Structure formats: structure tokens, C-alpha cells
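The values are calculated or read from the model by the stated rules, or taken from the named source; none is laboratory data. Note that the structure is a prediction, hence the values are computed from the model and not measured. Glycine gets a Cβ as well: all are built from the backbone with ideal geometry, and neighbour counts include every protein chain shown. SASA here: full protein model, heavy atoms, side chains in, ligands and nucleic acids out. Shrake-Rupley method; radii C 1.70, N 1.55, O 1.52, S 1.80 Å.
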Amino acid sequence: MGARVLDKNGKEVTPIMGSYGIGIERILTAAVEQGNDEDGFWLPAPIAPFEVVVSPVNTKDPAVKSASEDVARRLETAGFDVILDDRDERPGVKFKDADLVGIPFRITVGKKVTEGTVEVVLRSTGEVRDVTISAIVEYFQGLLGRTG
């Protein structure tokens, strides 16, 4: 631009301009700074890569596999961003990976499927709640302030 100004001593200098706008990187950094612990970080649902991860503890168990797919399908149909972690990995590996990506909610599908129930973990607090599969959509609608 060729702009020149006088400094406090009357000497002509070229001004230096900084840009301190808020961009995607700064938003993400601020979110990570606000939501983290020794296990990783969690993001607010609106900016997370997925709102919910469905984690079956044993993908070889037909009841667990079927229930996991059902829960993921119900939530996707209701408009939630869901990922089904159906990898043949130990549960701890899946849980840690979800923590490292910042997914704010985890649904653990395990032995309680025989009762029609799954565990919902709120990453920010570590709180665990049992929720029936039939009420999973309504639960997340209430949790995230959405209507059906």
C-alpha cells in the first residue's frame, strides 16, 4: 500500500498492521481450551465432527451389533450427527479414540441391551446415564434442545 506515518519522534515509518479476527482455528482453539481434561478434549455439539459416537463393546455379539446399528439409525433419522464405531477393537480403544476426536456424547452398547438399555456418557462431566433404546431420540432431543 505504501502507507507511511510519522512516529512519536516525527520520523517517517511504515505502519505494521496485525489481524486479530476470529476464524475457525481460533474458535476451535478456544473450544478445546474450555473443554479438556487429562483424557483429551470435548467439543460443543454444534462444532464437533460428530455429536454422538455409538460404541458397541462386542461387535461379534449379534444382539449388541444389532442394537448398535438400531440406535445409530434412530439418531441419524432424527437428524443427529452420529458415527457408529463398529471396529473390532477393545472398548477402551474405542472410548479413547472418541475422546481424542472431541465427540461430546458416547453411547455404550453392551450387556444391558437384553434389558433394552444403553449407557450414555456425557464427555464433559463423565456422567453415565442408562437410557432405553426406545427413548434414545427423545433423550438427545431434550439434551440438545431439539424438537422432533
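So what is the calculated 222 nm ellipticity per residue for the chain, using -39500 (n - 2.57) for each DSSP H run with n of 4 or more, over all residues, to the nearest 500 deg cm²/dmol?
-9500 deg cm²/dmol
Per residue of the stretch 41-48, in order, report the coupling 6.51 cos²θ - 1.76 cosθ + 1.60 (Karplus, θ = phi - 60°) as ³J(HN,Hα) in whole Hz, putting x for Gly and Pro.
3J(HN,Hα) across the stretch 41-48, in whole Hz: 9, 9, 10, x, 3, x, 10, 6.
Among G116, G23, G102, which one moves the most in a GNM of the chain with springs linking Cα atoms closer than 10 Å?
G23
When a/c reaches 1.5 or more, the comparison of a/b and b/c decides; with that in mind, is the stretch 57-97 rounded, prolate or oblate per its Cα gyration tensor?
Oblate, because a/c is 1.5 or more while a/b does not exceed b/c.
Using a Gaussian network model of the chain with C-alpha springs under 10 Å, which one of G110, G40, G92 is most mobile by mean-square fluctuation?
G92
In the stretch 17-93, which chymotrypsin sites (Phe, Trp or Tyr not before Pro) fall in coil by DSSP and have 10 or fewer other Cβ atoms within 10 Å?
Y20
Place +1 on the Cβ of every Lys and Arg and -1 on the Cβ of every Asp and Glu in the chain, take the dipole about the Cα centre, and give the residue among T114, N58, F95 whose Cα lies farthest towards its positive end.
Positive-end residue among those listed: F95.
Arrange the residues S19, S124, S55 by how much accessible surface each exposes, largest first, with a 1.4 angstrom probe.
S19, S124, S55
Using modelled amide H (1.01 Å from N, peptide plane; none on Pro or chain starts), what sits under 5 Å from the amide H of V54, excluding residues fewer than 5 places away?
I83, L84, D85, I107
Quick check for me: using +1 on Lys/Arg Cβ and -1 on Asp/Glu Cβ, what's the dipole size of the chain about its Cα centre, in debye to the nearest 20?
Dipole about the Cα centre, nearest 20: 320 debye.
Please compute the per residue accessible area over the chain with all protein chains in place, 1.4 Å probe, rounded to a whole number of Å².
For the chain, the per-residue accessible area is 63 Å².
Do any trypsin sites (Lys or Arg not before Pro) in the stretch 33-87 lie in a loop, going by DSSP, with at most 13 other beta-carbon atoms within 10 Å of their beta carbon, and if so which?
When the trypsin sites (Lys or Arg not before Pro) of the stretch 33-87 are filtered for loop state and at most 13 Cβ neighbours within 10 Å, K60, R87 remain.
What residues of the stretch 38-68 lie in the reach of a label at D81, counting those whose backbone N is under 11 Å from a point 7 Å from the Cα along Cα→Cβ?
Zone members listed by number: 43-52.
Carbon and sulfur together cover what percent of the accessible area of the chain at a 1.4 Å probe radius?
55 percent
Check F41: other-chain or 5+ apart residues with amide H under 5 Å from its amide H, H built from backbone geometry?
Residues meeting the amide H criterion: G102.
Using a 1.4 Å probe and counting only protein heavy atoms, arrange D85, D97, D130 so the residue with the most accessible area comes first.
Largest accessible area first, the residues go D130, D97, D85.
Once you have the alpha carbon radius of gyration of the chain, what is it after dividing by 2.2 N^0.38 Å, with N set to its residue count?
1.54
Give me the tail of P(r) for the stretch 81-144 as a percent: Cα-Cα pairs with distance above 19 Å.
31 percent
Would you please state the base-10 log of I(q)/I(0) at q = 0.13, 0.29, 0.30 1/Å for the stretch 32-90, with intensities from the Debye formula using one equal scatterer on every alpha carbon?
Listed by q, the Debye log ratios stand at -0.42, -1.09, -1.12.
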